[in-house]
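Undergrad: Before I ask anything, let me first share the structure, which is written out below as structure tokens.
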Amino acid sequence: MEVAILTKEGKDTGRKVVLNDEVFGIEPNEHAIYLDVKQYLANHRQGTHKSKERSEVSGSTRKLHKQKGGGGSRIGDINSPVLVGGGRVFGPRPRDYRFKLNRKLKSLARRSALSVKANQGEIVVVENFTFETPKTKEFVKFAKDLKIDGKKVLVVLSTNEKNVNLSLRNVPNAKVATASDLNTYVIMDNNAIILSEGSVEVINKL
């Protein structure tokens, strides 16, 4: 698959870059994408939720009244879950939500996500660029020239560019990532992907 390379101003350079069909042109596996996104979100859960159960609530353990003969229901101490202020039955406990996925499945998911974006025409390739100074309006102009302003944008670079990172930091719905750090969630969570020319070489080998 060949894609035209644009300048930072959104003009055609007259050159084209080849997107590897093994990465950008496969039949997307939706279940692999689902599993990888699920794992990404699960790995970011803190899992620190906790509620007090019967043995942890502050209160006397004295039996409130005798078991029989009172004319009412049987009852234990004041920490009983059926009473206001008592412990919670089967409440949440701290746990680890992380789970494992095979490397081949994660690779398939990432390639499937890139293929989805390529099929939808949401990938733009721009010649290698940087910003002279870290200014938000530099990126705003950049996005407007590429006609992607107002969209949720992912900028993919071959290496970390400090000025680009700082320019995007205050832009809502805009993220920057290096090609080697791409994951399925980041790819799917946008409406437009800007690939630098150098990043394409890295992604083609993923």
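The values are calculated or read from the model by the stated rules, or taken from the named source; none is laboratory data. These numbers were taken from a predicted model, which means no experiment stands behind them. When the accessible area is computed, the model is the full protein with side chains, heavy atoms only, and any ligands, DNA or RNA have been set aside. Shrake-Rupley method; radii C 1.70, N 1.55, O 1.52, S 1.80 Å.
Undergrad: Expressed as a rounded percentage, what relative contact order does the stretch 54-206 have, with Cα pairs under 8 Å and six or more residues apart? Spell out each step's value before the answer.
TA: Values: 200 pairs, mean separation 33.9, N = 153.
Relative contact order of the stretch 54-206: 22 percent.
Undergrad: Of all beta bridges DSSP finds with both residues in the chain, what is the antiparallel percent, to the nearest 5?
TA: Within the chain, antiparallel bridges account for around 20 percent of the total.
Undergrad: Comparing G14, G25, G71, which has the greatest mean-square fluctuation in the GNM of the chain with Cα pairs linked when under 10 Å apart?
TA: Checking each option, the largest mean-square fluctuation is seen for G71.
Undergrad: Just to check, using Stokes-Einstein with a Kirkwood Rh over alpha carbon pairs, what's the diffusion coefficient of the stretch 5-46 at 10 °C and 1.306 mPa s in µm²/s?
TA: 116 µm²/s
Undergrad: Could you report the accessible area of E201 in Å², rounded to 10, computed with a 1.4 Å probe on the protein chains as they sit in the structure?
TA: Number for this one is 120 Å².
Undergrad: Given just the C-alpha atoms of the stretch 16-127, how large is their convex hull per residue in cubic angstrom? All intermediate terms of the calculation are to be shown ahead of the outcome.
TA: Details: hull volume 21.2 nm³, N = 112.
Hull volume normalised by residue count: 189 Å³.
Undergrad: Hey, of (1) 66; (2) 53; (3) 60, which did the structure itself give for percent of Cα pairs over 20 Å apart when calculated?
TA: (1)
Undergrad: Between H31, H44, H65, where does the largest GNM mean-square fluctuation fall for the chain, given springs only between Cα atoms within less than 10 Å?
TA: H65
Undergrad: Right, next: Let me cross-check T159: its accessible surface, 1.4 Å probe, with only protein heavy atoms counted, in Å² to the nearest 10?
TA: That residue has around 80 Å² of solvent-accessible surface.
Undergrad: Would you mind checking K16/K175; K8/K135; K8/K147; K38/K152 for any pair whose Cα atoms are more than 19 angstrom apart?
TA: Those over the limit are K16/K175; K38/K152.
Undergrad: Sorting K152, K147 by accessible area (1.4 Å probe), largest first, what list results?
TA: Correct descending sequence by accessible area is K147, K152.
Undergrad: Okay, next question. Please work out whether the stretch 147-196 counts as rounded, prolate or oblate from its C-alpha gyration tensor, where a ≥ b ≥ c are the square roots of the eigenvalues and a/c under 1.5 means rounded, while otherwise a/b larger than b/c means prolate and anything else oblate? Could you put the intermediate results ahead of the total?
TA: Values: a/c = 1.69, a/b = 1.08, b/c = 1.57.
Cα axes put the stretch 147-196 in the oblate bin.
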